[in-house]
Amino acid sequence: MKWIKGTITLLLCLSCLPLMAEDTATPQGSTDTGLVGGRIFIQLDQPVDQKFPIAIPDLVKAEGFSDHDKLSKKLPEIIRNDLDLSSYFKIVSKRLYPHKNENMTTETIDFAKWREIGANALIKGIVYKDGGRVTVQLKLFNAQNGEMQLGKEYTADRKDIRTIAHRFSDDVLFAVTGLRGVFNTKLAYTSQVKRKGGKSIYVMDMDGFNNQRVTKDSSMNIGASWSPDGKQLAYSSYVNGFPDIYTVNLSNGHVRQLTDNRSTNITPAWSPDGDIIMYSSAKNRDSDLFIINPRTGAERVFSAAFGIDLGARFSPDGSEVVYASERGGHLNIFKQSLHGGMPKKLTFHGYQNDSPDWSPDSTKIVFHGRSGGTYDIFTMNSDGTNVQRLTVGNGSNEHPRWSPDSRYIVFSSTRDGTSAIYIMRFDGANPVRISKGNGELPSWGPWDKRED
């Protein structure tokens with residue numbers, strides 16, 4: 001399967017290596033984490049202190065392979081970081097690894113040595129030259145019985161080694177949980193432009209690398225929202241004075257202005273089918289929600305209640321919208337059919353409950369709320385029940401957004417002083433800073449459909 005992303009062209013031979021076990025995961029209803037029927041499986045809701053120990057040594061270098069850019073070390077390091085970010089794995093320290101130079105077959109690996117250092121699973125690989133490119137073979141082994149659970153081969157340019165590593169990490173997650181990984185997805189966010197005073201939209205890999213500036217002007221550009229195909233971002237910009245809604249094509253940088261009404265237009269959100277964008281506008285005095293067709297510019301009012309309405313997000317099937325509104329007094333979260341009807345109030349505690357987002361599996365809504373001075377992240381069922389607080393006592397935590405697999409949440413936090421981008425598990429476990437610099441208003445991009 002050949003796919004192109006920006007300037008990347010990567011050949012993924014997804015079934016070049018035979019599997020010694022059927023490439024499916026144990027059903028999610030299992031009651032433990034470990035080995036069943038000789039296969040590794042991991043529960044999605046396993047406690048964060050029960051991580052699965054895995055060893056990931058440097059790759060074997062094929063005879064004659066010139067490793068001047070240290071691919072044999074870089075690629076496994078990326079996989080280690082990915083699986084550590086996942087919160088499901090404990091990476092066994094490299095200093096404990098056996099010094100014997102092993103190959104990567106079940107006959108040449110001394111699994112007893114790996115078991116002695118506490119590894120229940122082992123990833124081995126080899127890299128070799130393929131014309132002007134490199135080919136990488138990677139395998140996941142069950143260290144307890146020596147069986148190979150996953151085998152993949154990838155061919156790419158040297159500069160695309162991060163894409164190979166992320167893809168294999170995705171494959172590992174699928175093999176042991178039954179759900180696709182998100183390591184090859186992107187995050188969009190807003191960041192201060194150095195020495196210019198403005199703010200720009202940036203896009204980075206979900207692990208914080210490959211950071212790229214999207215908007216090039218020096219004005220205020222905020223609140224990016226991904227199109228469902230991942231090809232465009234909608235955002236609000238002050239580039240022409242008033243904040244208006246714009247879209248930008250990520251492949252060619254083409255920018256298109258959607259609104260021009262000399263008022264405040266913010267918080268755009270794409271519908272799941274990509275046909276409409278909902279945004280908040282103060283052109284009728286109060287901030288109300290409007291729907292606009294990004295291709296034709298045709299628009300209509302969605303909500304026009306007393307007080308502000310903003311921060312709309314669509315349900316996964318596009319039939320409902322969740323948003324923040326002052327119609328009940330303080331800012332609270334409401335749910336409403338896209339086709340009208342009475343909105344349903346979902347939050348009844350705290351104040352300034354804002355920035356909701358609907359999980360892709362449709363079961364949860366995440367939002368931030370203020371309780372005791374700072375903002376924190378909360379989740380609730382999509383009907384408003386079972387409110388859970390995910391952050392507490394660590395600065396101000398805002399603008400949560402779900403990952404495509406509903407397993408993770410990206411958000412901004414001031415826990416280290418300035419606002420930066422973090423991710424955590426769906427239950428608040430394993431919060432990790434992702435952005436290298438400052439950041440706010442993150443948005444998690446969709447899976448690349450060309451990988452399907």
Checklist entry - Relative to the first principal axis of the alpha-carbon coordinates of the chain, what is the inclination of helix 161-177, with its axis defined by its Cα atoms, in degrees from 0 to 90 and to the nearest 10? => result 90
Item to check | Cα gyration tensor, region 334-452 - rounded (a/c under 1.5), prolate or oblate | outcome: oblate
Checklist entry - Under 18 Å from a point 7 Å along the Cα-to-Cβ line of D416: which residues of region 153-195 have their amide N that close? => result 187-194
Next on the checklist: Using the Cα centre of the chain as the reference point, and only Cβ charges (+1 on K/R, -1 on D/E), how large is the resulting charge dipole? Debye, rounded to the nearest 20.
Outcome noted: 1200
Checklist entry - Taking K51 as the anchor, which lysines have their alpha carbon closer than 16 Å to its alpha carbon, excluding any fewer than eight residues away along the same chain? => result K90
Item to check | Neighbour count of at most 12 Cβ within 10 Å plus DSSP loop: longest chymotrypsin sites (Phe, Trp or Tyr not before Pro)-free window in the chain | outcome: 1-305
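In region 61-136, which GluC sites (Glu not before Pro) are in a loop and have at most 10 other Cβ atoms within 10 Å, using DSSP for the loop call?
Here the sparse-neighbourhood loop sites are E63, E107.
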Next on the checklist: Taking 0.36 nm per residue of sequence separation and subtracting the Cα-Cα distance, how much length would be gained by fully extending the chain between K194 and D427, in nm to one decimal?
Outcome noted: 80.4 nm
Checklist outcome for this item: Residue-normalised 222 nm signal for the chain, counting each DSSP H run of n ≥ 4 as -39,500 (n - 2.57), nearest 500 deg cm²/dmol, is -2500 deg cm²/dmol
Next on the checklist: Given the options I308, A420, G230, identify the residue whose Cα lies farthest towards the positive end of the charge dipole of the chain (+1 on Cβ of Lys, Arg; -1 on Cβ of Asp, Glu).
Outcome noted: A420
Next on the checklist: Which trypsin sites (Lys or Arg not before Pro) in region 243-334 sit in a loop by DSSP (not H, G, I, E or B) and have at most 13 other Cβ atoms within 10 Å of their own Cβ?
Outcome noted: R262, R285, R295
Checklist entry - Taking the Cα-to-Cβ direction at K70 and at D361 and moving 7 Å from each Cα, how far apart do the two end points lie in nm? => result 3.9
Next on the checklist: I'd like the orientation of helix 71-85 relative to the chain: the angle between its Cα long axis and the longest Cα principal axis, in ° from 0 to 90, rounded to 10.
Outcome noted: 50
Checklist entry - By a straight-distance test (C-alpha under 24 Å), which lysines pair with K216 as possible cross-link partners, with residues fewer than eight away in the same chain excluded? => result K5, K186, K194, K196, K199, K231, K436
Item to check | Options (i) 159; (ii) 237; (iii) 128 - which one matches volume of the Cα convex hull per residue in Å³ as calculated here | outcome: (i)
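No value in this document is a laboratory result; all are computed from the given coordinates. Please read these numbers as outputs of a predicted model, since none were measured by experiment. Glycine also receives a Cβ, built like all others from the backbone with ideal geometry; neighbour counts cover every protein chain displayed.
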